1. Give the residue list of chymotrypsin sites (Phe, Trp or Tyr not before Pro) in the range 206-246 that are DSSP loop and have at most 14 other beta-carbon atoms within 10 angstrom.
2. Take every DSSP beta bridge with both residues inside the chain and express the antiparallel ones as a percent of the total, to the nearest 5.
3. Please build a GNM for the chain, connecting alpha carbons under 10 Å apart, and tell me which residue among LEU83, LEU322, LEU113 fluctuates the most.
4. Return the tail of the calculated pair distribution for the range 65-296, meaning the percent of Cα-Cα pairs more than 23 Å apart.
5. Put a dot 7 Å past each Cα toward the Cβ at GLU309 and LYS6; how far apart are the dots in nm?
6. Can you find, among VAL229, ALA339, ASN378, the residue sitting farthest towards the positive end of the charge dipole of the chain, where Lys and Arg contribute +1 and Asp and Glu -1 at Cβ?
7. For the range 65-296, what does the relative contact order come out to in percent, with C-alpha contacts under 8 Å and a separation of six or more?
8. Work out, step by step, the length gained on full extension between ARG334 and SER132: first 0.36 nm times the residue separation, then minus their alpha carbon distance; give nm to one decimal.
Amino acid sequence: MLEHLKDQPADKILALMAAFRADPRDDKVDLGVGVYKDATGNTPVMRAVKEAERRLVAEQTTKAYTGLAGDPAFSDAMIDLILGGVVPRERIAAVATPGGTGAIRQALELIKLAAPEATVWLSDPTWPNHPSIIKYLGMPTANYRYFDDATRGVDFAGLMADLGTVASGDVVLLHGCCHNPTGANLTADQWQEVIALLKSKGAVPLVDLAYQGFGDGLDADALATRAVVSGFEECLIAASCSKNFGIYRERTGLLMAVARDADQAKSAQGTLAFLNRQNYSFPPDHGARVVTTILTDPDLRADWEAELEETRNGMLALRAQLASELKRLTNSDRFDFIADHRGMFSRLGTSPEMVEKLRADHGIYMVSDSRMNIAGLNAETVPILAKAIVATGI
Ligand code: LMR
């Protein structure tokens, strides 16, 4: 049997992570995988997470199974964090999932059951695991234009033209904030135009919200998702706690299905629990319980929000430093877009050959599509990167 297995295509982000680890150079710089790093290169356990874990260890009396949907208190706390009460709770079905990827996977499985003919539209570019999972599940898919290589901003005219061809019942995957991999985001007015267009087409939005709190703040980063939820009778939201709680390896996420009414939400809830049972039974609990502890304790929550703000402001400062360093070195505003982008990533907008040159000549690792993880930089490595970008002729 096993001899029939073919080599699977390597995930380019994870392959890069392995290449970086294998590089013996001391001065190498990792701008690959989307993991936050502080100025010392460490990915810290957040203070509130440490404290919540300490309390859990001290107070937890059982490790018996939770429900198939996970702990309901986790769903409630996350729904409140993300949607801020814009839709009645009874219209929302929700399950805990293994990370944001688990939420995306379960959302796609749900779409496959409910609308097997629906095309799933993805921004071009998008996080490479989106098309990979869709291909694996054998679902119809199409792309809509998103990024303008010239301005390094959103190609809004292209996006609207392509989404204008969406068929009724198709699913459109939207990045709720901090677009991965480009860092270029829609304005609030553009979101309203997209929502109006998709509504007129009868499309169903699937929002991927993996970086809430990393762009303009916890509430600001949820505004687009809230606008989508307010604008549609039905939509899906896949949320991740990996980045904003820094609990990457705990695999903590939530899938929400916002339904027309309470009855349909109940039926969707049953399907989501069924899908969890088929795929892994009970979702991971530890990270979800940590998140719930933090979100429901005012002191822990305040501390978490403060640390998340420090993280977010640190990334903004690095963006500003890099943009200004490049302005100085090139005597142009060609790289100002880096300060305008939001979230962990910016797409530099250069060729895979240039990216390879940065790696070979300067030990700087970024994804071949020129996505760089801003959180992989620090005040000392920013000038090194800027110099390398100029020396490479980008
Ligand atoms: C990324 O885009 O680098 C992160 O979402 C990590 C991953 O799983 O790819």
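1. Taking the range 206-246 and a limit of 14 other Cβ atoms within 10 Å, no loop chymotrypsin sites (Phe, Trp or Tyr not before Pro) are found.
2. 50 percent
3. LEU113
4. When all Cα pairs of the range 65-296 are counted, 43 percent exceed 23 Å.
5. 5.3 nm
6. ASN378
7. 32 percent
8. Answer, rounded to one decimal: 69.4 nm.
Every number in this text was worked out from the coordinates using simple rules, so none of it is lab data. For clarity, every value in this text was computed on a predicted model and none was experimentally measured. Using ideal geometry, Cβ is built from the backbone for each residue, glycine included, and neighbour counts are taken over all protein chains shown.
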